[in-house]
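The values are calculated or read from the model by the stated rules, or taken from the named source; none is laboratory data. Treat the numbers as computed from the prediction; the structure is a model and nothing was measured. Using ideal geometry, Cβ is built from the backbone for each residue, glycine included, and neighbour counts are taken over all protein chains shown. In case anyone asks, the SASA skips ligands and DNA or RNA and just uses the protein heavy atoms, side chains included. Shrake-Rupley method; radii C 1.70, N 1.55, O 1.52, S 1.80 Å.
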Amino acid sequence: MSRGQHWFDALTQNMQQKPGPVPSVCVADGELAGRPCRVILVRPDAANPFPRARSGEVGLLEGWALAKVVQEATGDQRTLLAIVDVPSQAYGRREEALGIHQALAAAAGAYAKARQAGHPVLALLVGKAMSGAFLAHGYQANAILALDDAGVMVHAMGKAAAARVTQRSEEDLDRLAASIPPMAYDLKNYASLGLLSGRIAVSSAEAPTGSDIEKVNAALAAAQQQALGSTSLAHRLDGENRRASKKVRQLLRQQWALES
């Protein structure tokens, strides 16, 4: 099983698992620290009719399914927990022709609307969080938490694909990442951008122990409490490597004020 599946099963053992709209999207309803909660996972499906989405990628079916299960959960004030272990969006000619951008936008939009409506949205990174897959499933969360493990990676593109696009070797990319944080894949650099709410040290990221589950549940409960009543993502600008972003926004506000 994938990391995501291991953690989904571990965190939902006392919840009611429900069949998702497609086999690659798992859903469970229960409680997190006494509050109604829906847990959502995208997992590999070897029988997926779209070959590009068989290894856990977020494709056409997954995007629309995520939008559906998120929207279904927003009738009541409940927490949404996205367990993230997605290697990529599904890249393929059929996906592009059939509008994967719309499917992934529907998923991202559903999460954003849920957060803006006051539902605490949490993301737990347990494996890869790559490209449009992460944007569609997890990135709109009030709080993004991650297992403190080398197997947890965040980036706009997988390293092999980035090497091909930039016509560099993977070793060259690693050297550049040492001085350019947004190019890095590790959690320390990602946290410096202000996008990570916390890292959770566990004894086994592959097969969680009882102690690991307790620790993660405690971190999720704290994040849920902090997210209650908050709909903004402005805190993401507070990272040590977001000074340029804050400066640009300040200059734009000044320019708009002068022109108005």
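General observations
- Portion, in percent, of the accessible area of the chain that falls on carbon or sulfur, probe 1.4 Å: 52
- Solvent-free Debye calculation, one equal scatterer per alpha-carbon of segment 48-90: log10 I(q)/I(0) at 0.20, 0.25 Å⁻¹ equals -0.68, -0.88.
- Summarising the strand pairing of the chain, around 35 percent of its internal DSSP beta bridges are antiparallel.
- Accessible surface, per residue, of the chain when the full set of protein chains is kept, probe 1.4 Å, Å²: 49
- For segment 138-260, the equivalent ellipsoid derived from the Cα gyration tensor has semi-axes of 29, 25, 10 Å, listed largest first.
- Equivalent-ellipsoid semi-axes of segment 17-152, from the Cα gyration tensor, Å, largest first: 23, 16, 14
- When you restrict to C-alpha pairs under 8 Å that are six or more residues apart and normalise by the size of the chain, the relative contact order lands at 16 percent.
- In terms of overall dimensions, segment 115-203 has a Cα radius of gyration and Dmax of 13.9, 44 angstrom.
- Using a Förster distance of 35 Å, the FRET efficiency for Q17-Q116 (Cβ separation, nearest 0.05): 0.80
- Of the residues A53, A108, A222, the one that moves most in a GNM of the chain with alpha-carbon contacts below 10 Å is A222.
- Cα pair count fraction exceeding 32 Å, expressed as % - the chain: 21
- Counting only the Cα atoms, segment 9-61 fills a convex hull of 83 Å³ per residue.
- Greater than 32 Å apart at Cα, pairs in K188/K246; K18/K246; K18/K159; K68/K188; K215/K247: K18/K246; K18/K159; K68/K188; K215/K247
- Counted as membrane-span-like here are DSSP H helices of the chain whose alpha-carbon atoms extend 18 Å or more along the helix's own axis and whose Kyte-Doolittle mean is 0.5 or above; these are 60-73.
- Whole-angstrom gap from segment 25-54 to segment 67-144, using each part's C-alpha centre: 11
- Projected-area mean, segment 205-259, by convex hull of Cα positions, square nanometres: 6.3
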